[in-house]
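Since the structure comes first, as structure tokens, the remarks are kept for the end.
The values are calculated or read from the model by the stated rules, or taken from the named source; none is laboratory data. These numbers were taken from a predicted model, which means no experiment stands behind them. Every residue, glycine among them, receives a Cβ derived from its backbone with ideal geometry; neighbour counts consider all protein chains shown.
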Amino acid sequence: MPAIAESLAEWAYGYEPGAEDLALARRSLLDTVAVTLAARDHPVSAMAAELPDAARWATVGHVLDFDDLHIESTTHISVVIVPAVLAAGGDARAYLAGAGVMARLGTLLGWSHYAAGWHATCTAGAPAAAVAAGVAWGLTPERLATAMALAVPGAGGVQAAFGTHSKSLQVGFAAEAGVRAARLARAGATADPRAVDAWLKLVGAQGADDAEEGTPRRGGPAVPGGLAIKMFPCCYAMQRPIAALRDLRAECGPDDVTAVRVTTPGATIHPLIHDDPDTGLEGKFSLPYAVATALLDGFPGFGAFTDDAVGRPEARRLMATVETERTEGGAGLLDGEVDLAVTLTDGRVLRSALAHPPGSPRRPPTDGELAEKFAACGSDVPALLKDTTWESARTLLLTELPGKAPA
């Protein structure tokens, strides 16, 4: 029986995209470039300036936490794979091959891997980025499998980094580890593809003992389940509570709220590790702050996730009113639904429940919603993206996020 890396490499090598896959690739390119441009003046952009291209672009593209997510694998696919493809001079087919491998590896890793504290975007991302760059460079299936094995040492990241610069940096490291591995495989470096199987077992992947679990089905979509597009620049676990609360703003003002009870499967808020955030980055991973910004800000944008915004007295007061009930079960960020009970000063209790937030695969963004998101990423972003292709996107990022020459 072939190793999992060999099965995935064979699929990636022979993969031919259909129209729906190409549409997803196009949307992913534009969305990833838009959120990367939105962060070009972020402090992390300067910190990452000396990193190689793939690492720099992935780091900057992830720091705002506005990039897409694959729900089934709990991985941010495009922010790893798009930079890897652009760094290797690839196109939509290379993106879809890498994205498909990342989705499948992440699904193999499973919820238990994520729940244990791994950052699956990094663990699944490095070998997948190796495939993306390898397909861009025309590597054979054997060389693609070798590249995946060579990427294993760079396949790591932990959720303890959430709320710090390390979260986006480790995503950048994963993207670069994949490109580096593909470059070494192209140069003739050797590795045993079974290293990927061994690594999957070590990090607790579900089904890692059965290589057939990693064999992609022929003829299906490149990315099973599609990708969720974020409408708010924060952790995906906050998208649903924010969207549900925004439905109640017409019936109450923030000053009217005395208590908010959030009932949701525990898995859906697993990444929200900051109950008392002090910084804008921590606020992106805070359920109490999700409540506060939804009630205060109408449409929580970049300004809602600054240090000053998190420190607002009215935000601190609202965060203190939040009580969370984590129900049992669930194995994903969109399992079940979130149920909100908002108690007002006059004694009324307003309720809102939501299963699928805007932008999720079951509620894909409209062209208008995407246009609004791109405009929010910077007044010049829609014009910059207007005629962007895979060929021109690399030049655009090199122009807008130039690196530094080594001292």
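Only one residue in Leu397, Leu385 is under 20 Å from the mean Cα position of the chain (by Cα), over 22 Å from Ala304 (Cβ atoms) and surrounded by 16 or more Cβ atoms within 10 Å (Cβ to Cβ). Which one? Show your work before the answer.
Numbers: Leu385 fails: under 20 Å from the mean Cα position of the chain (by Cα).
Selected residue: Leu397, the only one of Leu397, Leu385 that is under 20 Å from the mean Cα position of the chain (by Cα), over 22 Å from Ala304 (Cβ atoms) and surrounded by 16 or more Cβ atoms within 10 Å (Cβ to Cβ).
In the range 63-87, what count of residues is obtained for those that are more than 26 Å from Asp335 (Cβ to Cβ) and within 16 Å of the chain's Cα centre (by Cα)?
Within the range 63-87, residues that are more than 26 Å from Asp335 (Cβ to Cβ) and within 16 Å of the chain's Cα centre (by Cα) number 4.
Go through the range 373-403 and give me each residue that's in a loop (DSSP other than H, G, I, E, B) and not small (Gly, Ala, Ser).
Cys377, Asp380, Lys386, Asp387, Thr388, Thr389, Leu401, Pro402
Consider Ala84 against the criteria (1) touching a strand residue (DSSP E or B) at 6+ places or on another chain (Cβ under 6 Å); (2) buried (at least 24 other Cβ atoms within 10 Å of the Cβ): it satisfies all of them except one. Which criterion is unmet?
Unmet condition: (1).
If you check Gly90, Gly134, which single one turns out to be closer than 23 Å to Ala49 by Cα, more than 19 Å from the chain's Cα centre (by Cα) and buried (at least 24 other Cβ atoms within 10 Å of the Cβ)? Lay out the reasoning, then the answer.
Values: Gly134 fails: closer than 23 Å to Ala49 by Cα.
None of the others qualify; the one that does is Gly90.
Quick check on this structure: which one of Asp247, Asp275 is in contact with a Leu (Cβ under 8 Å, 6 or more places away or on another chain), at pLDDT 95 or above and not aromatic (Phe, Trp, Tyr)?
Exactly one residue qualifies, and that residue is Asp275.
Considering only residues that are within 29 Å of Ala195 (Cα to Cα) and aliphatic (A, V, I, L, M), look in the range 1-37 and name the one that is modelled with the lowest pLDDT.
The qualifying residue modelled with the lowest pLDDT is Met1.
Answer with yes or no whether Asp192 is at negative phi, surrounded by fewer than 24 Cβ atoms within 10 Å (Cβ to Cβ) and assigned to a helix (DSSP H, G or I). Full working, then the answer.
On the way: at negative phi: yes; surrounded by fewer than 24 Cβ atoms within 10 Å (Cβ to Cβ): yes; assigned to a helix (DSSP H, G or I): no.
No: the conditions fail for Asp192.
Table: residues versus (1) surrounded by fewer than 17 Cβ atoms within 10 Å (Cβ to Cβ); (2) touching a Phe, Trp or Tyr at 6+ places or on another chain (Cβ under 9 Å).
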residue	(1), (2)
Phe302	no, yes
Thr306	yes, no
Ala315	no, yes
Arg326	yes, no
Leu340	no, no
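Does Asp21 fit the bill of being in a loop (DSSP other than H, G, I, E, B), closer than 21 Å to Val131 by Cα and out of contact with any strand residue (DSSP E or B) (no Cβ under 7 Å at 6 or more places or on another chain)?
On the way: in a loop (DSSP other than H, G, I, E, B): no; closer than 21 Å to Val131 by Cα: yes; out of contact with any strand residue (DSSP E or B) (no Cβ under 7 Å at 6 or more places or on another chain): yes.
Spelling it out, it is not the case that Asp21 is in a loop (DSSP other than H, G, I, E, B), closer than 21 Å to Val131 by Cα and out of contact with any strand residue (DSSP E or B) (no Cβ under 7 Å at 6 or more places or on another chain).
For Gly134, indicate whether it is within 18 Å of Ala191 (Cβ to Cβ) and either in contact (Cβ under 8 Å) with a residue 12 or more places away in the chain or acidic (Asp, Glu) (or both).
Details: within 18 Å of Ala191 (Cβ to Cβ): yes; either in contact (Cβ under 8 Å) with a residue 12 or more places away in the chain or acidic (Asp, Glu) (or both): yes.
In short, yes.
Consider Gly163 against the criteria (1) without any contact (Cβ under 8 Å) to a residue 12 or more places away in the chain; (2) within 15 Å of the chain's Cα centre (by Cα); (3) not in a helix (DSSP H, G or I): it satisfies all of them except one. Which criterion is unmet?
The single condition Gly163 does not satisfy is (1).
Mind checking which helices (runs of 4 or more DSSP H) fall wholly inside the range 30-144 and carry at least 1 residues that are of a type in the set (Asp, Glu)? Walk me through how you get there before you give the answer.
Details: elements: 43-47, 53-63, 77-87, 92-115, 120-136.
Output list reads 53-63.
Kindly provide the set of residues from the range 316-351 that are at positive phi and modelled with pLDDT of 95 or more, ordered by number.
Gly336, Gly347
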